[in-house]
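Have a look at the structure below before the remarks.
What follows draws every value from the coordinates through simple rules; no lab data is involved. Computed from a predicted structure; not experimentally measured. In this analysis, Cβ positions are derived from the backbone assuming ideal geometry, glycine residues included, and neighbour counts consider all displayed protein chains.
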Ligand SMILES: Nc1ncnc2c1ncn2[C@@H]1O[C@H](COP(=O)(O)OP(=O)(O)OP(=O)(O)O)[C@@H](O)[C@H]1O
Ligand SMILES: [Mg+2]
């Protein structure tokens, strides 16, 4: 009896002071960082890390939490990118509004794709999403109304404009916008992982048959995860479009986007809320530096490097780099 | 009051009639034991009742409501819990998390769901293992995990497939006590058992199957004296 009382008095999750102060410290540091005289390259590097961490987190929700491997997640990035650029160019709608429109369109697309596709089991879903990702690119390459292969050029405002989400004098505003999205996304996904929904998604991932015996409608939950995932991805497409101001199908529907989110997540730790941060913080600098030193797109060398990293991780650290952190600090449940 | 009624249930796999025209009823608050040699169709019967396998023919009613053809999640939502012969724990999650996934069915609040899961884990006597991953538990402990998880959805009817099979002999008395405790708490139980002593001890009624057919149905006493059961089943096992 008293053992039960002790168990009930345990905190619901880790309230370890060390981890809380570590996270708060990091947040403060990230907000202060641009004032330490970061040049524009480092600002760009940080922006890319924030963006890719969120994109990888999006993938983590569908693949890590609910166990469905999507290989076409770039589609939702592209939808987000086109939503803001196209609506601004065509109708003058502020990107701040169309970020949400892009999320809604992505969510609806995820429902429409998910209903037939998530009935397919594991590998077939992966293959189907790969083809969907590619077909989005092909459709946008041919679609005259949205600029076909030449894409959308967002007209530059004369100066910095918060309303038009364009900043030309410095990358700093972008840094803070991406940072805020990054923090909000991770906070919400952390809440998700601790909620009833999070528990049920992991049940679907670990054993769909057993989940069914616990009143869980497995196909509905897979679709819910897919929609959430798509809605996390879209705003990154939107912000990226505002960041570079010229988008085209080759860039925002690129298969590489679908691959890199997978790489980052697997590298950092799939199914772990913190995995995508670790993965992005390591892979993105590698990618950006290889672009510099190996020219243009980094040649094929960065791809070879990615492949090598992925192989090493799968062999030696299948739980990702996050597993190097002391477990009892990260998650209470792992203590004995 | 009749909680479950099964009428003329049939299901074949290729040429094998795994369930052949099975009928029986279960009264609320009782334990029905299901016996039969390997391959008799016991687990198939569970899969048919819980919607995991589609029926070829026949009807299953729960509280007089026809539930045949419903999906497994719908059927569990109505209040039918089950365990699996081939265990299906959420292996990469802790015992507590496994049971919480069940207790979230009736409880949205995470703290309340956690506390309820802890009470059930305490009920199955595994409180000290609550933070262990399911894959780290022994077979007997994983069977308790499945029972606890199924109990967490607060089922009115609980189907248990060989919870004493393949476990350490020492843990069997504990499992038997657990089933009795469960019955006292008001849950109706159908349990598949190979251990004939246990089944005689705990059951109010027994259903005997052989090669997909119902060969007997009655109280433990009646079953013990049934010629056909003795021939096909008890004869091959030590019945004392
Ligand atoms: N999914 C399936 N596909 C093909 N045959 C099956 C399937 N499920 C069961 N069977 C067959 O149906 C028959 C009954 O199997 P079932 O598992 O119901 O028996 P059981 O009484 O539970 O046996 P045991 O005591 O070994 O658990 C067996 O001959 C089995 O091979
Ligand atoms: Mg069986």
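A few remarks follow.
- Oblate is the label for segment A:143-204, because a/c, from the alpha-carbon gyration tensor with a ≥ b ≥ c as root eigenvalues, is 1.5 or above and a/b does not exceed b/c.
- For segment A:24-169, the convex hull drawn through the C-alpha positions has a volume of 147 cubic angstrom per residue.
- Averaged over B:114-122, number of beta-carbon atoms from partner chains that fall within 10 Å: 3
- Helix axis angle, A:172-194 relative to chain A longest principal axis, alpha carbon, degrees: 30 degrees
- By the Kirkwood approach, averaging reciprocal distances over each pair of separate Cα atoms, segment B:101-210 gets a hydrodynamic radius of 14.7 Å.
- Estimated from the Cβ-Cβ distance and a Förster radius of 41 angstrom, the FRET efficiency linking residue A:323 and residue A:153 is about 0.40.
- Calculated FRET value between residue B:5 and residue B:231, using beta carbons and R₀ = 30 Å, to 0.05: 0.60
- Packing-based exposure ordering (other Cβ within 10 Å, fewest first) of A:315, B:189: A:315, B:189
- Taking the fewest neighbouring Cβ atoms within 10 Å as the starting point, the ordered list for A:233, B:147, B:200 is B:200, B:147, A:233.
- Highest mean packing comes first when the peptides B:173-184, A:273-284, B:156-167 are listed by Cβ atoms within 10 Å, giving A:273-284, B:156-167, B:173-184.
- Across segment A:38-253, C-alpha contacts under 8 Å between residues 6 or more apart give a mean separation that, scaled by the residue count, equals a relative contact order of 43 percent.
- Helix A:196-206 and the long axis of chain A differ in direction by around 90°, with both axes built from C-alpha atoms.
- Fraction of the pair-distance distribution of chain A above 34 Å, Cα-Cα pairs, percent: 25 percent
- Label point distance in nm, residue B:21-residue A:9, each placed 7 Å from Cα along Cα→Cβ: 6.4 nm
- Helix B:172-184 and the long axis of chain B differ in direction by around 90°, with both axes built from C-alpha atoms.
- Cα-only Debye scattering, chain B: base-10 log of I(q)/I(0) at q = 0.13 Å⁻¹: -0.78
- Each residue, residue B:71 and residue A:187, gets one label point 7 Å from its Cα in the Cβ direction; the gap between the two is 3.5 nm.
- Counting DSSP beta bridges with both ends in the protein assembly as shown, the antiparallel % (nearest 5): 60 percent
- Mean separation of Cα pairs under 8 Å and 6 or more residues apart, divided by the residue count, gives segment B:95-240 a relative contact order of 17 percent.
- A full extension of the chain between residue B:54 and residue B:30 corresponds to an added length of 6.0 nm, given 0.36 nm per residue minus the alpha carbon distance.
- P(r), alpha carbons of segment B:56-119 - 5 Å bins starting at zero, rounded %: 3, 14, 19, 19, 18, 11, 9, 4, 1
- Cα gyration tensor, segment B:17-91 - rounded (a/c under 1.5), prolate or oblate: rounded
- Per-residue mean of foreign Cβ neighbours for B:86-96 is 4 (Cβ atoms of other chains, 10 Å radius).
- In the protein assembly as shown, the calculated helix contribution to ellipticity at 222 nm averages -17500 deg cm²/dmol per residue, counting -39,500 (n - 2.57) for every DSSP H run with n ≥ 4.
- For the peptide B:97-109, the mean number of other protein chain Cβ atoms found within 10 angstrom of a residue's Cβ is 4.
- The label point for residue A:143 and the one for residue A:120, both projected 7 Å from the Cα toward the Cβ, are 2.1 nm apart.
- Residue exposure sequence - B:82, B:149, A:18 - by fewest surrounding Cβ within 10 Å: A:18, B:82, B:149
- Intensity falloff of the protein assembly as shown expressed as log10 I(q)/I(0), Debye formula with alpha-carbon point scatterers, at q = 0.10, 0.13 Å⁻¹: -0.89, -1.24
- Residue ranges B:58-71, B:101-114, A:193-206 sort as A:193-206, B:101-114, B:58-71 when ordered by packing (mean number of other C-beta atoms within 10 Å per residue, highest first).
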